[in-house]
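Undergrad: Quick one: this structure, given as structure tokens, is what I'll be asking you about.
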Amino acid sequence: MAIYMKFSSLRNVLALTTVLVFTSNALLHAHDVAAEMSTAAQLLLKSLNEEQTKAIQFEFDDELRKDWQFIPMERKGLGMKAMKPHQRGLALSLVQTGLSHHGFSTAMQVMALEQVLHEMENGSAKRDPAKYHLFLFGTPSADATWGWRIEGHHLSVSFTIVEGKQVAVVPAFFGASPAEVRRGDLKGLRVLAQEEDLGRQLIKNLSVKQKEVAIIAVDAPDDVINGPGREASPLSPAGISSADMNEAQQKMLRELIEVYLGKVRGELADGDRKKIEEAGFEKIHFAWAGKISPGERHYYRIQGPTFIFEYDNTQNDANHSHVVWRDFKNDFGADWLKLHYEATEHAK
């Protein structure tokens, strides 16, 4: 008994040490990314003239910080079109500090699809690969609380940095129209192929009984539900839980989750991955709505205690896809900012 207790205690200590090391490393990594973001943003600001600086920079608590959109529209912020070539390079350098290689590539392909739409719509002026805007909220510095966003048609990713130590990466939205380019120079391009294919693979691999729980509606909603203009919130019905999946199905679910997490820097994704696991992988649910066959209206969501990923492909004969990642407590760094403000209040 004594030997078992010693072993059990040692195991608990090792487990706790592992968690502390992971947490410490994640914080250090986030701090490193925050520093890179600050440096990149400062370099961009140095390159801008007075008019450009006025266009790109807002107070941290400006209401625009949470007013994100993904539709084609006239935007505030500083557009790529209004930048000189070297400034565009510095702007994209900032974007690269937040996204992974895959995420940055996805963002660039989303922008490229604007040229496809421009040609499909007979030279429509609202379709322009340069109509993507950058916003800075607050003043970037090594230990500051500030934020930034890259945004345009089918792309809106917000980053919030708290005291130069923590970086929130949501809301994050990507879209693709066409979801599959079927003519022209980019024929065959499917920007969000993994999200669609892995989601369909998972629903197809569920048993008849499992599908009865997972499929929540015979038709898909017209768009993602946790889009702009609303607080991130859990949705019901939730679908099938990962606890009710077999090992192979759980592996597919994990692969699909990684596609969403994998769009941001690995150091940042680690923190969200840890939070998802701590809340309980068995509590994650997968829900599908609409048809299963390609080319027909379909939608799915992956929902855990702390987060939701949504995918929708219903518009333009199911050739127009949207994906979004929201955090129920930490959108725009809300959870961390609450702690930050409480600590600041106590310090006074």
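Undergrad: Within the group 35, 82, which residue is among the small types (Gly, Ala, Ser) and closer than 29 Å to residue 232 by Cα?
TA: That would be 35, the only listed residue that is among the small types (Gly, Ala, Ser) and closer than 29 Å to residue 232 by Cα.
Undergrad: Among the residues of region 309-325, how many are surrounded by 24 or more Cβ atoms within 10 Å (Cβ to Cβ) and in contact with a Pro (Cβ under 8 Å, 6 or more places away or on another chain)?
TA: 3
Undergrad: Follow-up question, since we're still on this one. Which residue out of 282, 277 is under 22 Å from residue 336 (Cβ atoms) and surrounded by fewer than 17 Cβ atoms within 10 Å (Cβ to Cβ)?
TA: 277
Undergrad: Does region 191-207 hold any residues that are part of a helix (DSSP H, G or I) and closer than 18 Å to residue 289 by Cβ, and which are they? Even if it seems obvious, please write down each step before you answer.
TA: Pass one, region 191-207, residues part of a helix (DSSP H, G or I): 193-204.
Within region 191-207, 195, 196, 197, 198, 199, 200, 201, 202, 203, 204 qualify.
Undergrad: Quick one: residue 172 ticks every box in (1) closer than 28 Å to residue 225 by Cα; (2) out of contact with any strand residue (DSSP E or B) (no Cβ under 6 Å at 6 or more places or on another chain) bar one, so which box is it?
TA: (2)
Undergrad: So which of 247, 231 is under 22 Å from the mean Cα position of the chain (by Cα) and acidic (Asp, Glu)?
TA: Residue meeting the stated conditions: 231.
Undergrad: Turning to a different aspect of this structure: Name the one entry in 176, 107, 130 that is farther than 23 Å from residue 44 by Cα and among the hydrophobic types (A, V, I, L, M, F, W, C).
TA: Step by step, each of 176, 107, 130 is checked, and only 176 is farther than 23 Å from residue 44 by Cα and among the hydrophobic types (A, V, I, L, M, F, W, C).
Undergrad: Name the residues in region 31-50 that are in contact with an Asp or Glu (Cβ under 7 Å, 6 or more places away or on another chain) and at pLDDT below 95, would you?
TA: So in region 31-50, the residues in contact with an Asp or Glu (Cβ under 7 Å, 6 or more places away or on another chain) come out as 32-33.
Within region 31-50, just 32 meets the criteria.
Undergrad: Being part of a helix (DSSP H, G or I) and among the charged types (D, E, K, R) is the filter here, so list the residues in region 208-219 that pass it.
TA: 209, 211, 212
Undergrad: Looking only at region 73-96, decide whether some residue is of a type outside the set (A, V, I, L, M, F, W, C), buried (at least 20 other Cβ atoms within 10 Å of the Cβ) and farther than 14 Å from residue 56 by Cα.
TA: No: region 73-96 contains no residue that is of a type outside the set (A, V, I, L, M, F, W, C), buried (at least 20 other Cβ atoms within 10 Å of the Cβ) and farther than 14 Å from residue 56 by Cα.
Undergrad: Turning to a different aspect of this structure: Is there a residue in region 247-266 that is in contact with a Gly (Cβ under 9 Å, 6 or more places away or on another chain), over 30 Å from residue 98 (Cα atoms), hydrophobic (A, V, I, L, M, F, W, C) and not assigned by TED's automatic domain parsing to the domain that holds residue 34?
TA: Scanning region 247-266, I find no residue that is in contact with a Gly (Cβ under 9 Å, 6 or more places away or on another chain), over 30 Å from residue 98 (Cα atoms), hydrophobic (A, V, I, L, M, F, W, C) and not assigned by TED's automatic domain parsing to the domain that holds residue 34, so the answer is no.
Undergrad: Take the conditions out of contact with any Leu (no Cβ under 6 Å at 6 or more places or on another chain) and in contact (Cβ under 8 Å) with a residue 60 or more places away in the chain and apply them to residue 268. Does it pass?
TA: yes
Undergrad: Residue 292 passes all but one of (1) surrounded by fewer than 20 Cβ atoms within 10 Å (Cβ to Cβ); (2) in contact with a Gly (Cβ under 9 Å, 6 or more places away or on another chain); (3) aliphatic (A, V, I, L, M); which number fails?
TA: (2)
Undergrad: Based on what the data block shows, is residue 131 among the charged types (D, E, K, R), farther than 19 Å from residue 63 by Cα and crowded, with 19+ Cβ neighbours inside 10 Å?
TA: So residue 131 passes the test.
The values are calculated or read from the model by the stated rules, or taken from the named source; none is laboratory data. Remember, it's a predicted structure, so these values are computed and weren't measured experimentally. Here the Cβ is made from the backbone with ideal geometry for all residues, glycine too, and neighbour counts use every protein chain on show.
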